[in-house]
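First up is the structure itself, then whatever we jot down about it.
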Amino acid sequence: MNQKTEKPEILIIEDEVDTRFYLMTLVRSLGFDPILAKDGVQGLDLLARSRPCLIILDIMMPNKGGSRVYEELVASPDFRHIPVLFFSGVDRQAFFHYLKMLNAGSETSLPEPRYYVAKNADPDYLKSIITQAIQENQNPPVREKGDTI
């Protein structure tokens, strides 16, 4: 009797084909099933039909960029528990500054993402952050405000 065991899924929202392929290969090497989306609109649509253990999210994308997707994820009771790993060519400090400016006039603050990795990062480092994000979501740590990786 041959039973297929389902692997945990990771949603990859990335507009660049080569980067999506790279992330797909890396995620598979860790034993996860990748779900691929070419932009934020498609990513949110796929999320409505699946429950990944992690979302890898680019910032600069057509249709709906990563910051808008992140806003929707954080605001949703159904999705806010899924860890988000930003994987972007946008400078980390610039993105965090953008979030501060976005929060300045808002009634609700958008939290800084816990996981942020530059696109030029070493693959082993990226693998370690993916693994860490998933493990921490299974056993959430007590964190201080503004604590990021």
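Okay, here's what the table says:
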quantity	calculated
Residue among Leu99, Leu73, Leu85 that is in contact with a helix residue (DSSP H, G or I) (Cβ under 6 Å, 6 or more places away or on another chain) and surrounded by 15 or more Cβ atoms within 10 Å (Cβ to Cβ)	Leu85
Matching residues, segment 44-70, being in contact with an Asp or Glu (Cβ under 9 Å, 6 or more places away or on another chain), surrounded by 15 or more Cβ atoms within 10 Å (Cβ to Cβ) and of a type outside the set (Val, Ile, Thr)	Leu44, Leu47, Pro52, Cys53, Leu54, Leu57, Asp58, Met61, Lys64, Gly65, Gly66
Top-ranked residue in segment 20-33 [being under 20 Å from Met60 (Cα atoms) and not aliphatic (A, V, I, L, M); ranked as nearest to the chain's Cα centre (by Cα)]	Arg20
Residue list for segment 19-44, restricted to those being closer than 12 Å to Lys127 by Cα and small (Gly, Ala, Ser)	Ser29, Gly31
Meets criteria (outside any helix (DSSP H, G or I), under 26 Å from Gly31 (Cβ atoms) and modelled with pLDDT of 95 or more) for Tyr116	yes
Strands (runs of 3 or more DSSP E) wholly inside segment 14-90 that include at least 2 residues being at pLDDT 95 or above and either over 20 Å from Arg114 (Cα atoms) or of a type in the set (Ser, Thr, Tyr) (or both)	33-37
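The values are calculated or read from the model by the stated rules, or taken from the named source; none is laboratory data. None of these values were measured; they are calculated from a predicted model. Because the Cβ atoms are built from the backbone with ideal geometry, glycine has one as well, and the counts that use them run over all protein chains shown.
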